[in-house]
Amino acid sequence: MAAEAAGQQGKFWEMGKLLFANQDRFSTAPWASLADELKLDRVKFDASLNSEALKAKIDRDETTAIQLRLPGTPSFFLNGVLLDVASPNDLKVAVEEAVQ
């Protein structure tokens, strides 16, 4: 929700990066401090965090991921085939093999 809420202000990827970097702080719900760090409009951000429309969007995305049997994020497809990659190097190798 925090990444999507930030995305409504053009900062989806920036928030995603902060969320991954601050996973150990999730129990203290650092959303406000992360929003401040990105200089987001807090009124809009807080409203987005409580948005039923945004929650519905995320629920639809989750349903689609389950239907596609995606193992998690990120998931990579190459030529319509789900890749089993554990590292950036695995992805590089899979792409190189596909183009040979």
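The values are calculated or read from the model by the stated rules, or taken from the named source; none is laboratory data. Given the structure is predicted, the values throughout are model-derived calculations rather than measurements. Please note: Cβ atoms are built from the backbone with ideal geometry, for glycine as well, and neighbour counts cover all protein chains shown.
Observations on the structure shown:
- When the range 40-55 is filtered for residues that are more than 16 Å from the chain's Cα centre (by Cα) and among the charged types (D, E, K, R), the ones remaining, listed by number, are 41, 42, 44, 46, 52.
- Each residue in the range 40-70 was checked for being part of a loop (DSSP other than H, G, I, E, B) and surrounded by 10 or more Cβ atoms within 10 Å (Cβ to Cβ), and 6 of them qualify.
- Restricting the range 77-93 to residues that are of a type in the set (S, T, N, Q) and either in contact with a Gly (Cβ under 9 Å, 6 or more places away or on another chain) or at negative phi (or both) leaves a set whose member that is modelled with the highest pLDDT is 89.
- Scanning the range 22-39 for residues that are surrounded by 15 or more Cβ atoms within 10 Å (Cβ to Cβ) and closer than 17 Å to residue 8 by Cβ yields a count of 4.
- Meets criteria (exposed (fewer than 10 other Cβ atoms within 10 Å of the Cβ) and either in contact with a strand residue (DSSP E or B) (Cβ under 6 Å, 6 or more places away or on another chain) or modelled with pLDDT under 95 (or both)) for residue 97: yes
- Output for the range 71-84, where each listed residue is out of contact with any Ser or Thr (no Cβ under 9 Å at 6 or more places or on another chain), surrounded by 13 or more Cβ atoms within 10 Å (Cβ to Cβ) and of a type outside the set (Gly, Ala, Ser): 76, 78
- Among the residues of the range 1-39, those that are in a loop (DSSP other than H, G, I, E, B) and either of a type in the set (D, E, K, R) or more than 22 Å from residue 74 (Cβ to Cβ) (or both) comprise 9, 11, 29, 30, 39.
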